[in-house]
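Novice: One structure is given below, represented as structure tokens, and several questions about it will come after.
The values are calculated or read from the model by the stated rules, or taken from the named source; none is laboratory data. Here the structure is a predicted model, which means the values were calculated and not measured. Every residue, glycine as well, gets a Cβ built from its backbone with ideal geometry; the counts of neighbours run over all protein chains shown. Side chains are part of the model used for accessible areas, which takes the heavy atoms of the whole protein and leaves out ligands, DNA and RNA. Shrake-Rupley method; radii C 1.70, N 1.55, O 1.52, S 1.80 Å.
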Amino acid sequence: MGAVLGLCSMASWIPCLCGSAPCLLCRCCPSGNNSTVTRLIYAFFLLLGVAVACIMLMPGMEGQLKKIPGFCEGGMGSSIPGVEGHVNCDVLVGYKAVYRVCFGMAMFFLLFSLLMIKVKSSKDPRAALHNGFWFFKFAAAVAITVGSFFISEGPFTTVWFYIGMAGAFCFILIQLVLLIDFAHSWNESWVEKMEEGNSRCWYAALLSVTTVSYLLSLVSLVMFYVYYTHSDGCTENKVFISINMLLCIAASVMSILPQIQESQPRSGLLQSSLVTLYTMYLTWSAMTNEPDRKCNPSLLGIIGLNTTSPASQNHVVQWWDAQGIVGLILFLLCVLYSSIRNSSNAQVNKLTLTSDESALIEDGPQTDSFEEGNGPNRAVDNEKDGVTYSYSFFHFMLFLASLYIMMTLTNWYSPDSNYEAITSKWPSVWVKISSSWICIALYVWTLVAPLVLVNRDFD
């Protein structure tokens, strides 16, 4: 009897799996907007793919992955279709598996990005596909990912590596846009609370966060010079650190200039401190991909727990290092924030293709949203008059996020010419360091844009 009741309970979920996002989550979640619930489910799809990619790098998975047709067999000295010479399968299979999993996720989101172009409201028939049919979309994502494991090697890994670098570069810029948006919202919220009352407390909190961010940046800067440079070498690292230090100082000073404050009252040192800290992270991330191991010590080597020579030619690939973990944390925060954000910042809304009007739609439940029999936890369709975000751009952002996580989990490594090892290469370094320069340029533009484009409304 219990089994029958269990089957009946599962059967009651079938309409929800084929229906809308509110139906899927209404039984276990509080009421909310359809737009937010849908984005959270897509974020869950992406995070599930990330978890699978992480599993592919776990010790002991090599033996299982080698059983897949087209992957390596027999360990060191084996061959794979489309690649001449010998390969180290124990190193390569995890690398290839992550690329295949992320390829499946990327293609899934790219397909939906193309399908959702020009969707203006939930009345568009394509909006039903975006907000519903979750079982079929999940099955499609799994099918694409599984099918990617049977793609013949050939130039696939090399080509996808360079596509991944370009996509990850774009996602780093999106991270900065969301960081600026978050900092503006944070600063605006605390300033409003200062004006409402207890101003000393909120001013102290604002000052404390800003000071801590700058202190962390300063500590990072000192450690970069100590551990990633040498008196007789590492010229590139010296240049990278010095240029970014000067750029961050210039951006911070610019943010508090009287002209900037007059046109941008919400700008301040809080935003600059967070941008500076993020730039320090990008600088560190770039230096950790430098091929010269003398200028790129591991974290274990820095704290004295690794006595292995850093210049060893038999350097074993370390998938999980400190900058990779930090990158993964930033990725998770960025995806979650992009799923729940509802910004009123006009410049950020333009960069993320969100209309100003729809971004200000009320977040609270509406009285006409409670249909008979749906219960009190039915989510609100708040997009009948206009979408609150660009469906196409949101999926494209998740496409870029899939490429970013692929590069992060593999530490931006690429197989060497004879496929015997996975090595760091200079293109990865230049992609990351150039992204840090563009990030600072984007932040400076948000400061000076009202002064340059005087006829535009930036409120």
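Novice: Does any residue of the stretch 121-128 turn out to be outside any helix (DSSP H, G or I) and surrounded by 18 or more Cβ atoms within 10 Å (Cβ to Cβ)?
Specialist: yes
Novice: Now, a different point. Only one of these is in contact with a Phe, Trp or Tyr (Cβ under 9 Å, 6 or more places away or on another chain), within 22 Å of Thr408 (Cα to Cα) and either of a type in the set (Lys, Arg) or open to solvent by 10 Å² or more (accessible area, probe 1.4 Å) (or both): Leu269, Leu277, Leu247. Name it.
Specialist: The unique qualifying residue is Leu277.
Novice: Next question, about the same structure. On the basis of being basic (Lys, Arg) and at pLDDT below 85, does Lys137 make the cut?
Specialist: no
Novice: Would you pick out the residues in the stretch 423-435 that are open to solvent by less than 10 Å² (accessible area, probe 1.4 Å) and at pLDDT below 85?
Specialist: Residue satisfying the conditions is Ser428 alone.
Novice: Show the residue pairs meeting these rules: Cβ distance below 8 Å; 6+ apart or different chains; first residue within the stretch 285-296 and farther than 17 Å from Thr408 by Cβ and among the hydrophobic types (A, V, I, L, M, F, W, C); second residue open to solvent by less than 20 Å² (accessible area, probe 1.4 Å) and assigned to a helix (DSSP H, G or I).
Specialist: These pairs meet every condition: Cys295/Asn237; Cys295/Met287.
Novice: Another question about this same structure. Please work out which residue is nearest to Val335 (Cα to Cα), limiting yourself to the stretch 132-183 and to residues that are among the polar types (S, T, N, Q) and open to solvent by 10 Å² or more (accessible area, probe 1.4 Å).
Specialist: If we take residues in the stretch 132-183 being among the polar types (S, T, N, Q) and open to solvent by 10 Å² or more (accessible area, probe 1.4 Å), then Gln175 is nearest to Val335 (Cα to Cα).
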